[in-house]
Amino acid sequence: MGRKSPYPVEFRNDAVALFRAAGGRRTYAAVAADVGGTGETLRSWVRQADEQAGRAAGSGEKGSESRDEELVRLRAELGRLRKAEKEWELEREILRRAAQYFAREMRA
């Protein structure tokens with residue numbers, strides 16, 4: 001029987017989701033350094049999460065994988081929205097300057 005982990009389950013799940021959200025662009029060690037752990041610990045958490053997701057899929061339950069996929073999807077959507085917001089700010093600035101230009105032309 002192993003000893004109890006000093007990390008709460010929610011922390012481990014968040015760390016696994018963060019690693020998966022990186023989509024292979026970051027190593028276990030890099031993500032683990034961000035959350036305050038070691039790469040090997042994170043690797044074992046990911047392996048355990050994969051095993052649990054496999055068992056849940058085998059029994060027909062909705063596993064943590066769907067939560068992780070949703071997290072990745074929501075983060076991607078947030079990125080797209082932030083990019084669109086920057087584009088809208090640029091468009092508003094262009095329109096503001098155009099309005100100032102035409103207002104000067106009307107006065108002249």
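Counting only trypsin sites (Lys or Arg not before Pro) that sit in a DSSP loop (anything but H, G, I, E, B) with at most 10 other Cβ atoms within 10 Å, what is the longest stretch of the chain containing none of them? Before the final figure, lay out each step's value.
On the way: sites that count: R3, K4, R25, K62.
Within the chain, the longest run free of exposed trypsin sites (Lys or Arg not before Pro) spans 63-108.
Computed from Cα positions, the angle between helix 9-21 and the longest principal axis of the chain comes to roughly 60 degrees.
Each Cα pair under 8 Å and six or more residues apart adds its separation to the average, and for the chain the resulting relative contact order is 20 percent. Dividing the helix sum by the residues of the chain, where each DSSP H run of 4 or more adds -39500 (n - 2.57), gives a mean residue ellipticity at 222 nm of -27500 deg cm²/dmol.
As a proxy for reagent exposure, L74, L18 were ordered by neighbouring Cβ count within 10 angstrom, fewest first; the result is L74, L18. Using only the alpha-carbon atoms, how far is helix 64-107 inclined from the longest principal axis of the chain? Give it as 0 to 90 degrees, nearest 10. The angle comes out at about 10 degrees.
Taking the Cα centre of the chain as reference, the dipole from Cβ charges on Lys and Arg (+1) and Asp and Glu (-1) amounts to some 300 debye.
Computed from the coordinates by the stated procedures, all read-outs in this text should not be read as laboratory data. Every value quoted in this text rests on a predicted model; they were computed, and no experiment measured them. Counting neighbours? That spans all protein chains shown, and the Cβs are built from the backbone with ideal geometry, glycine included.
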